[in-house]
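Structure incoming, see below.
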Amino acid sequence: VAHKLLEGSLLEEARRGSREALAELLSTDLPWLTSALAEEADRSMKAHVGSKVYYRGLLEFSNHCTSDCLYCGIRAGNTEVERYTLDRDRVMRAVAACIDEGYGSLTLQSGERRDPAFVEYVCSLLREIKEMSRSDDLPEGLGITLCVGEQDEAVYRRFFAAGAHRYLLRIESGSPELFASMHPESQSFEARLSALRSLRRVGFQVGTGVMIGLPGQSAEDLADDILFFRREGIDMIGMGPYIPHAQTPMGSGDRLTPAERHRRLRLSLRMIALTRIVLCDVNIAATTALQALDPLGREMALAAGANVVMPILTPGEVRAQYTLYNGKPCTDEDAGTCTVCISRRVASTSRRAGYNEWGDSPHFAERMRQAGAPA
Ligand code: SAH
């Protein structure tokens, strides 16, 4: 690998989307290789999207969920979770904090519900947030990303009309077999893919991602995931390590050893770096799950091609109830602490933060330009 890498051929093949080259780079767990890929990704990031870090304040507004994903701590079947939905007042207080911090964009995330009352609640929140967030600093209001799972295309249209313009829906794994092994039969890979395509038709900037280090996942699977992102014309990527949750069918009895945590962190960093190297102009998030593996996990991702961070705005008193995986960081803190911590984290990477900017994905603008629509 060292020889082929020095020659430049392996990286060149990976850049062009060779499955074999990507798999070889992903499966070679050498610290120097991980650093070399991060440096290459950093160059690509600076050339295609610039070096600014954009914020999306993350508000986990409800943990009610009708899905039963076998890996997720807030799955419907986990009866040990106390369920909550933040009322309008608490949502608006968090939104005000988001604006005060100059984050520019907000992400509203929750468990999955499809009932009319939920859809209506989300639409009314979107309208109100859009309205109250317009100011001289933010003439268009906050940029809003939604992350509320699979919905009908008609519902996606309502969300879009109400003011959301980005949507995150992870494919979880681009391998239909792996997807099937982690979900009950009622959830299908085809339905998830079709939802992603609906989002694109509706006009959203579309984000997706996968979990890294899943049981049974090969380097080839991860290489395919990157090629999946490219094939589907994805605008934004949010991905992180799979971390077991003890109260789930997949996670019970599975404890990561320190060695495994480090391996999974390095694999995640190579995955982020290669995604940047292949996709070039997308936005890539340095996700919180990375920090669960290493206190500096998010900073490492920012140095490996990521350009978005999502400081948690969820009120401290419900944070622990939004535990998707064990060891989720920051669950004993509140928004104020996160703000100071995140701005220090970004400052430590000597990158500039895009305060009061939406920081949209340049890939989306390019997509619009090619479709002949004004960006
Ligand atoms: N219900 C929403 C959002 C909440 S879950 C949705 O379906 O989009 C957000 C993400 O957390 C999931 O897409 C999944 O990739 C991630 N996640 C859930 N459980 C996890 C675990 N055990 N380890 C790592 N990531 C996990």
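The values are calculated or read from the model by the stated rules, or taken from the named source; none is laboratory data. Treat the numbers as computed from the prediction; the structure is a model and nothing was measured. Neighbour counts run over all protein chains shown; Cβ positions are idealised from the backbone, glycine included. For the accessible areas, the whole protein counts, side chains as well, though only heavy atoms, and no ligand, DNA or RNA atoms are used. Shrake-Rupley method; radii C 1.70, N 1.55, O 1.52, S 1.80 Å.
If packing is taken as the average count of other Cβ atoms within 10 Å, what order do 269-275, 350-356 fall into, highest mean first?
269-275, 350-356
Oh, and also: What is the spread of the Cα atoms of the chain along each of their three principal axes, largest first, in whole Å?
59, 47, 39
Roughly how many debye, to the nearest 20, is the charge dipole of region 233-281 about its Cα centre, given +1 on each Lys and Arg Cβ, -1 on each Asp and Glu Cβ, and no other charges?
The calculated dipole for region 233-281 is roughly 280 debye.
Let's see if you can work this out: charge +1 on each Lys and Arg Cβ, -1 on each Asp and Glu Cβ, no other charges. What is the dipole magnitude of region 248-325 about its Cα centre, in debye to the nearest 20?
My answer is approximately 220 debye.
Further question on the same structure: Quick one: length gained pulling ASP100 to HIS64 fully straight, 0.36 nm per residue minus the C-alpha distance?
Contour length minus Cα-Cα distance gives 10.1 nm.
Here is a follow-up. Using the Cα centre as the reference, give the magnitude of the dipole from point charges on the C-beta atoms of the chain (Lys, Arg: +1; Asp, Glu: -1; all else neutral), rounded to the nearest 20 debye.
So the magnitude is around 580 debye.
How many percent of the accessible area of the chain is carbon or sulfur, using a 1.4 Å probe?
About 52 percent, which is the carbon plus sulfur part of the accessible surface.
Between ALA2 and GLN370, what FRET efficiency follows from the Cβ-Cβ distance if R0 is 25 Å, with the result rounded to 0.05?
So the FRET efficiency works out to roughly 0.05.
If ILE99, ILE243 are ordered by their accessible area, calculated over protein heavy atoms with a 1.4 Å probe, which sequence runs from highest to lowest?
Solvent-accessible surface, decreasing: ILE99, ILE243.
Go ahead and estimate [θ] at 222 nm for the chain from helices alone: -39,500 (n - 2.57) per DSSP H run with n ≥ 4, summed, over the residue count, rounded to 500.
-14000 deg cm²/dmol
Give me the accessible area per residue for region 1-82, probe 1.4 Å, as a whole number in Å².
45 Å²
Rank CYS123, LEU30, CYS98 by how far each Cα sits towards the positive end of the charge dipole of region 23-127 (+1 on Lys, Arg Cβ; -1 on Asp, Glu Cβ) and give me just the farthest.
About the Cα centre, the residue reaching furthest to the positive side is CYS123.
Moving to a separate point now. Can you give the accessible area of ARG83 in Å² (nearest 10), computed on protein heavy atoms with a 1.4 Å probe?
70 Å²
Sticking with this structure for a sec: Modelled label-to-label distance, TYR355 and LEU296, 7 Å Cα→beta-carbon offset: nm?
About 2.6 nm, to one decimal.
Starting from the Cα gyration tensor of region 1-152, take the square roots of the eigenvalues, sort them a ≥ b ≥ c, and report rounded, prolate or oblate (rounded when a/c is under 1.5, otherwise prolate if a/b is larger than b/c, else oblate).
Cα axes put region 1-152 in the oblate bin.
Rounded if a/c is under 1.5, else prolate if a/b beats b/c, else oblate: with a ≥ b ≥ c from the C-alpha gyration tensor eigenvalues square-rooted, which is region 257-322?
Judged from the Cα gyration tensor, region 257-322 comes out oblate (a/c at least 1.5, b/c at or above a/b).
Can you tell me the accessible area per residue over region 85-158, all protein chains present, probe 1.4 angstrom, in square angstrom?
On a per-residue basis, region 85-158 sits at 42 Å².
May I ask you to give the solvent-accessible area per residue for region 235-344, in square angstrom, as obtained with a 1.4 angstrom probe?
Spelled out: the 1.4 Å probe surface of region 235-344, per residue, equals 32 Å².
When the chain is treated as a GNM, springs tying every alpha-carbon pair under 10 Å, which of ALA223, ALA286, ALA21 comes out with the largest mean-square fluctuation?
ALA21
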